[in-house]
Amino acid sequence: MAIYRYLASENGDPPREVLMEAENPVEALGKLRSRGLIPVRALGTGTREGDRAFALRRSGIDVYGFTRQLAPLLSAYIPLEKALSIIAESAKKEEQRNFVLSLRQGLHEGKKFSELVRSHGSLFPGYYANLIESGEETGSLPESVRHLFQFMTESRDLRSFLISSSIYPCAILCVTLLVTILMFTVFVPRFARIFEDMGRTLPPSMEFLLAAGAFFRWLPLLILAAWLAHRLIRHLMGPDAYRFHVSRLLLSVPVLGRIISDLEMCRWIRTLSIMLSNHVEIIRSVRIAEKILYNPVICRAFQGIAERIRGGEKLSAVLRSNTFLPAEMTPMLRVGEESGAVGEMLTRIADNLEADTRQKIKRLLSLFEPAVIVLLAAAVLTVVVSIFMAMMDLNSVNVQGGPGL
């Protein structure tokens with residue numbers, strides 16, 4: 001299924017953005033009208049998970065905080081409407097309070113909570129409404145919301161780990177680039193003027209440093225040219241084809257590519273485990289989990305899984321030949337299918353994969369930091385040795401010319 005975006009109005013209210021999940025635009029319009037919404041304008045297909053996350057960061061509405069408050073209230077057997085009222089009263093921001101009150105008003109009008117979640121468009125992740133709907137159908141909404149909060153927490157922790165682990169190496173890299181640029185563009189040219197003022201020919205070592213300094217002075221123009229070339233190639237190839245080739249190039253990098261694919265698999269396996277643990281049909285769960293994938297190369301490798309399962313194949317048999325999944329997943333998944341605990345087994349697989357991915361990231365960063373330090377030391381050593389050789393050359397010229405004075 002695809003996600004279609006519309007600008008729609010309800011009961012004469014101002015139009016707002018609505019996301020509708022359907023097989024085609026005709027079915028999307030039918031679902032839109034069945035909910036009493038009048039379509040004003042089609043906005044195209046819905047955004048992917050990465051774009052939704054960006055929109056969530058820009059919005060003043062905190063969906064994670066909302067879920068964190070909602071989960072314990074529902075687990076304490078407090079009715080959903082009263083739980084929303086409590087959350088609205090404790091909201092500090094006006095935008096957050098109005099958001100929760102709009103959900104409560106929708107419940108008063110007889111709408112389902114999953115429908116209200118879908119009506120808020122890109123504020124919620126794609127799996128959110130489907131998991132809420134499964135909880136409503138099975139009568140286990142508190143458990144569904146608790147799993148939602150757990151999944152969002154784990155995703156948030158992993159993202160925070162990536163950011164915090166990258167701060168120090170990025171800071172070292174920035175300092176290294178700054179020191180290198182200053183040496184080659186400020187210090188070396190000033191030292192070269194000594195030879196010019198004395199009327200001396202520049203030694204080869206100084207010519208090498210000046211040539212390197214010229215490269216750094218032209219660096220902004222080179223970056224601009226590279227950016228223009230990127231835009232031109234993207235325009236000629238098309239955004240989708242260009243993104244596919246760039247993703248394939250990144251995946252071919254030995255260590256980085258494995259980390260990128262593992263991060264995608266962590267999200268896919270975790271989403272699938274939550275869906276199956278909440279009694280969502282496996283075909284529907286696979287389709288929802290497929291929308292979580294952002295990398296187009298990996299996404300292509302997971303197409304057609306739902307159709308093969310519908311044809312009678314087991315999930316473990318379908319995933320056996322997938323090279324992006326960890327090798328130990330298929331045997332563990334087969335055991336889960338035989339014991340009837342597929343969701344629990346997928347949760348264990350996701351935990352193990354996340355732990356391995358964190359370890360790989362730590363190892364990569366532990367190699368990156370000394371590599372940057374060695375690069376800085378090499379640049380400083382090159383400048384020092386070149387200047388030392390130039391000073392020796394200058395002293396030798398002075399010594400040779402001394403007796404004739």
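Quick notes on this one:
- Residues of the range 19-39 classified as modelled with pLDDT of 70 or more, touching a Leu at 6+ places or on another chain (Cβ under 6 Å) and closer than 21 Å to GLN105 by Cβ, total: 0
- Residue match in the range 388-402 (condition: without any contact (Cβ under 8 Å) to a residue 60 or more places away in the chain, within 30 Å of PHE191 (Cα to Cα) and not in a helix (DSSP H, G or I)): yes
- Residue in the range 164-219 that is modelled with the lowest pLDDT, counting only those that are among the hydroxyl-bearing types (Ser, Thr, Tyr) and loosely packed, with under 13 Cβ neighbours inside 10 Å: THR201
- Listing of helices (runs of 4 or more DSSP H) fully contained in the range 50-124 that carry 1 or more residues being modelled with pLDDT under 85 and at negative phi: 94-108, 113-119
- Only one of the numbered conditions (1) modelled with pLDDT under 85; (2) farther than 30 Å from ARG358 by Cα is violated by PHE151, and that is (2).
Each row is one residue, and each column tells you yes or no for (1) closer than 29 Å to LEU293 by Cβ; (2) touching a residue at least 24 places away in the same chain (Cβ under 8 Å); (3) in the same structural domain as LEU276 (by TED's automatic domain parsing).
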site: SER85; (1), (2), (3): no, no, no
site: ALA91; (1), (2), (3): no, no, no
site: GLU95; (1), (2), (3): no, yes, no
site: GLU109; (1), (2), (3): no, no, no
site: SER114; (1), (2), (3): yes, no, no
site: HIS120; (1), (2), (3): yes, no, no
site: LEU148; (1), (2), (3): yes, yes, yes
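- Test: residue in the range 149-159 that is outside any helix (DSSP H, G or I), surrounded by 20 or more Cβ atoms within 10 Å (Cβ to Cβ) and touching a helix residue (DSSP H, G or I) at 6+ places or on another chain (Cβ under 6 Å): no
- Test result for GLU281, in the same structural domain as ARG348 (by TED's automatic domain parsing), acidic (Asp, Glu), farther than 18 Å from HIS147 by Cβ and more than 25 Å from the chain's Cα centre (by Cα): no
- Taking the range 216-235 as the range and being over 28 Å from LEU182 (Cβ atoms) and among the charged types (D, E, K, R) as the test, the residues that pass are ARG231, ARG234.
- LEU236 fulfils the conditions (1) in contact with a Ser or Thr (Cβ under 9 Å, 6 or more places away or on another chain); (2) over 29 Å from VAL372 (Cβ atoms) except for a single criterion, (1).
- Matching residues, the range 288-316, being surrounded by 17 or more Cβ atoms within 10 Å (Cβ to Cβ), assigned to a loop (DSSP other than H, G, I, E, B) and modelled with pLDDT of 85 or more: ASN295, PHE302
- Checking each residue in the range 298-323 for being closer than 19 Å to VAL342 by Cβ and in contact (Cβ under 8 Å) with a residue 12 or more places away in the chain picks out PHE302, ILE305, ALA306, ILE309, ARG310, LYS314, LEU315, SER316, VAL318, LEU319, ASN322.
- Hits in the range 327-343 (condition: under 16 Å from ILE274 (Cα atoms) and either of a type in the set (Gly, Ala, Ser) or part of a loop (DSSP other than H, G, I, E, B) (or both)): GLY336, GLY340, ALA341, GLY343
The values are calculated or read from the model by the stated rules, or taken from the named source; none is laboratory data. Bear in mind that the values here come from a model prediction, so they are computed numbers and not experimental data. Glycine also receives a Cβ, built like all others from the backbone with ideal geometry; neighbour counts cover every protein chain displayed.
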